[in-house]
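Novice: My questions all concern the structure below.
No lab work stands behind these numbers, since they all come straight from the coordinates. This one's a predicted model, so the numbers in the text were calculated from it and none came from an experiment. Every residue, glycine among them, receives a Cβ derived from its backbone with ideal geometry; neighbour counts consider all protein chains shown.
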Amino acid sequence: MPIGILLDLPFISVVIVGITANWLSVMAVIVCSSFGRSLFSENEKTPSDHFIHKRFHKAKIYFNKYGVPGISLLGPIIGTNHIGAFVCIIAKASKKNIIIWQTISIIIWAIGTGILLILGVDLYNNIN
């Protein structure tokens, strides 16, 4: 998305393409992760010592503190929306909630980033 705005392509088109591409890739992560989680859960014998619990202990603490909305909205700050969606799946959140909040997050961040980029480019052009 930033390249499209820097190339002076139409703002709305760039944002819509950015939202769509990001949303599709996050949905792929949600579907694949939930499928993998269901396979892993069936084979899980002791939940306290499996790999995912050890690896995502800190992420689960954040999930317990902020929930699906917090992890989704903070996704780009903590890494990416993809990581946020994966953490929510691992924490066994509802797929419906994850999809709703990831969609809201992607739209807010795409529009916000686009506006900040336009303002930054305008500011840069005015300085020169």
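Novice: Extension gain Cys32-Leu119, at 0.36 nm per residue separation less the Cα-Cα distance, in nm?
Specialist: Taking Cys32 through Leu119 to full extension adds about 27.6 nm, to one decimal.
Novice: Gaussian network model of the chain, Cα springs within a sub-10 Å range: biggest mean-square fluctuation belongs to which of Ile104, Ile30, Ile12?
Specialist: Comparing Ile104, Ile30, Ile12 in the GNM, the peak value goes to Ile12.
Novice: Once phi is turned into ³J(HN,Hα) by the Karplus curve 6.51 cos²θ - 1.76 cosθ + 1.60 with θ = phi - 60°, what whole-Hz value does each residue of region 73-78 show in order, with x for glycine and proline?
Specialist: Listing the rounded values in order: 6, 8, x, x, 7, 7 Hz.
Novice: Among Ile106, Ile90, Ile16, whose mean-square fluctuation peaks in a Gaussian network model of the chain (Cα, cutoff 10 Å)?
Specialist: With Cα springs under 10 Å in the chain, the top fluctuation among Ile106, Ile90, Ile16 is at Ile16.
Novice: Which label marks the calculated value of Rg and Dmax of the Cα atoms in Å, given the options (1) 16.1, 58; (2) 13.9, 46; (3) 17.7, 64?
Specialist: (3)
Novice: If you place +1 on the Cβ of every Lys and Arg, -1 on the Cβ of every Asp and Glu, and leave all else neutral, what size is the dipole of the chain about its Cα centre, to the nearest 20 Debye? Could you put the intermediate results ahead of the total?
Specialist: Numbers: 10 positive and 5 negative charges, 134 e Å.
Taking the Cα centre of the chain as origin, the dipole is about 640 debye.
Novice: Right, here's the next one. Would you calculate the separation in nanometres between label points at Thr20 and Ile111, each defined as 7 Å from the Cα along the Cα-to-beta-carbon direction?
Specialist: Distance between the two pseudo-spin positions: 1.8 nm.
Novice: Per-residue HN-Hα couplings for region 21-26, Karplus 6.51 cos²θ - 1.76 cosθ + 1.60 at θ = phi - 60°, whole Hz, x for Gly and Pro?
Specialist: Ordered by residue, 3J(HN,Hα) equals 5, 5, 4, 4, 5, 5 Hz.
Novice: Still on this structure, I have one more. With label points built 7 Å along Cα→Cβ from the Cα atoms of Asn126 and Ile77, find their separation and express it in nm.
Specialist: Once both label points are built, they end up 2.7 nm from each other.
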